[in-house]
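Report on one structure; see the data block that follows.
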Amino acid sequence: MATPMSASSFIRALKDEGLTVVEVGDWRTHNRNHVGPWGPVHGVMIHHTVTKGTANTVRICRDGYAGLPGPLCHGVIAKDGKVHLVGYGRANHAGSGDDDVLRAVIAETALPPDNEANTDGNRHFYGFECENLGDGKDPWPAVQVEAMEAAAAAVCRVHNWNAPSVIGHLEWQPGKIDPKGVSMAGLRRRIAERLG
């Protein structure tokens, strides 16, 4: 169980991990806290955006769209590896997921199948949306995957979490497929190596 770090600590952690960070508008106070709590936090969730073009992707993730107001994550990881901060606090990224998965993330044990959607994930996870069409054909540049690894590791480092605290949306909510084309097991191995 962890209290979310401050916005200043968040950006410092990302920069300390070697990431190039772009601050978008009032990201530090742009959130959905008025509809429910953020925290305690237990992990990091990785997504793909199903969008093309960094400017368009950042705008959608910041503002949201009809029926799903933004922010849709905390940081957008672009194809060039830059992390665009679009919100901080509760964000509409995880949705409802499996309480058994949450317990496994907290315990940092093997993930069970995600066969329920009975738990509010927006409250408990930091979220990174990664620019990709999610069709299995759109490439994942090495610099982008490295940024995904670094961003997740940065959050884990602050909270003294290990790689099992990082999951993909597909491991949380039944029917989700993201981040399609990235092995979460492989990404967790990379995060574990980075954290040493």
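With the highest mean first, a sort of the peptides 102-111, 49-58 on other beta-carbon atoms found within 10 angstrom per residue produces 49-58, 102-111.
Within the same chain, aspartates and glutamates fewer than 8 places from LYS52 are excluded, and of the rest, those with a Cα less than 14 Å from its Cα are ASP80, GLU129, GLU131, ASP135, ASP138. Expressed to the nearest 5 percent, the antiparallel share of DSSP beta bridges inside the chain is 35 percent.
A Gaussian network model of the chain, with springs between Cα atoms under 10 Å, assigns the largest mean-square fluctuation among ASN162, ASN118, ASN31 to ASN118.
Within the accessible surface of segment 66-139, defined with a 1.4 Å probe on protein heavy atoms only, the carbon and sulfur portion equals 52 percent. What net charge do the residues around THR20 carry, taking every other residue with its C-beta under 10 Å from that of THR20, with Lys and Arg at +1 and Asp and Glu at -1? Local charge sum for THR20: +1.
The values are calculated or read from the model by the stated rules, or taken from the named source; none is laboratory data. Keep in mind that this is a model prediction, so the values were computed, not measured. Ideal geometry is used to build each Cβ from the backbone, glycine not excepted, and the neighbour counts take in all protein chains shown. Accessible surface is based on the protein model in full, side chains and every heavy atom, while ligands, DNA and RNA are left aside. Shrake-Rupley method; radii C 1.70, N 1.55, O 1.52, S 1.80 Å.
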